[in-house]
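Accompanying notes for the structure given below.
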Amino acid sequence: MPSKIRPQQYALVIGLIILGTLFTIFFGMRAIHTFKKFDGHRPPPPDKAATDVKLIRDWMTIPFISRMYRVPEKALFDAIGVPPFSNHDKSLKDINQDYYPNADGYVLDLVKKTILAHQPAPMPDSAPSAIPPLKAPAAP
């Protein structure tokens with residue numbers, strides 16, 4: 001015969017269910033808040049790494065390079081002389097093999113030169129002085 005449930009056991013079960021529900025709601029809200037803050041990966045802010053063309057590799061695609069170095073895709077496709085429509089998802093190596101099979105690294109070099117040409121001039125480390133330096137008096 002099943003034993004009768006005592007009121008203390010009933011209260012304990014109800015209390016644990018309520019406590020579990022509160023924990024679930026609390027941590028669920030934290031997870032939702034965290035996912036709302038997460039907007040996905042964006043290109044990093046401009047810094048030395050984002051302007052160093054030595055980091056470009058032949059496995060990269062034109063759209064990827066365009067986003068990373070903030071140079072319009074059209075400018076890159078125009079520079080290498082290929083249509084963007086059929087080459088949008090190809091790596092630089094694949095484009096080079098398709099259009100310039102006898103010139104290894106040609107597309108990679110053109111892309112690097114184009115990016116350098118589109119980068120803004122570097123900011124000087126210090127502002128130029130408004131006062132010219134003093135000169136020694138001329139000897140008689």
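Below is a table of values for the structure above.
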item: Residue, surrounded by the most Cβ atoms within 10 Å (Cβ to Cβ), within the range 92-119, restricted to residues that are outside any helix (DSSP H, G or I) and touching a helix residue (DSSP H, G or I) at 6+ places or on another chain (Cβ under 9 Å); result: Y100
item: Given (1) loosely packed, with under 14 Cβ neighbours inside 10 Å; (2) β-branched (V, I, T); (3) at pLDDT 90 or above, number of the condition I131 does not satisfy; result: (3)
item: Check on D89, within 13 Å of R57 (Cα to Cα), under 24 Å from the mean Cα position of the chain (by Cα) and of a type outside the set (V, I, T); result: no
item: The range 63-91, residues that are assigned to a helix (DSSP H, G or I) and within 12 Å of T114 (Cα to Cα); result: I65, S66, Y69, E73, K74, A75, L76, F77, D78, A79, I80
item: Residue in the range 43-53 that is in a helix (DSSP H, G or I), at pLDDT below 90 and loosely packed, with under 12 Cβ neighbours inside 10 Å present; result: yes
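The values are calculated or read from the model by the stated rules, or taken from the named source; none is laboratory data. This is a predicted model, so every value here is computed, not measured. Ideal geometry is used to build each Cβ from the backbone, glycine not excepted, and the neighbour counts take in all protein chains shown.
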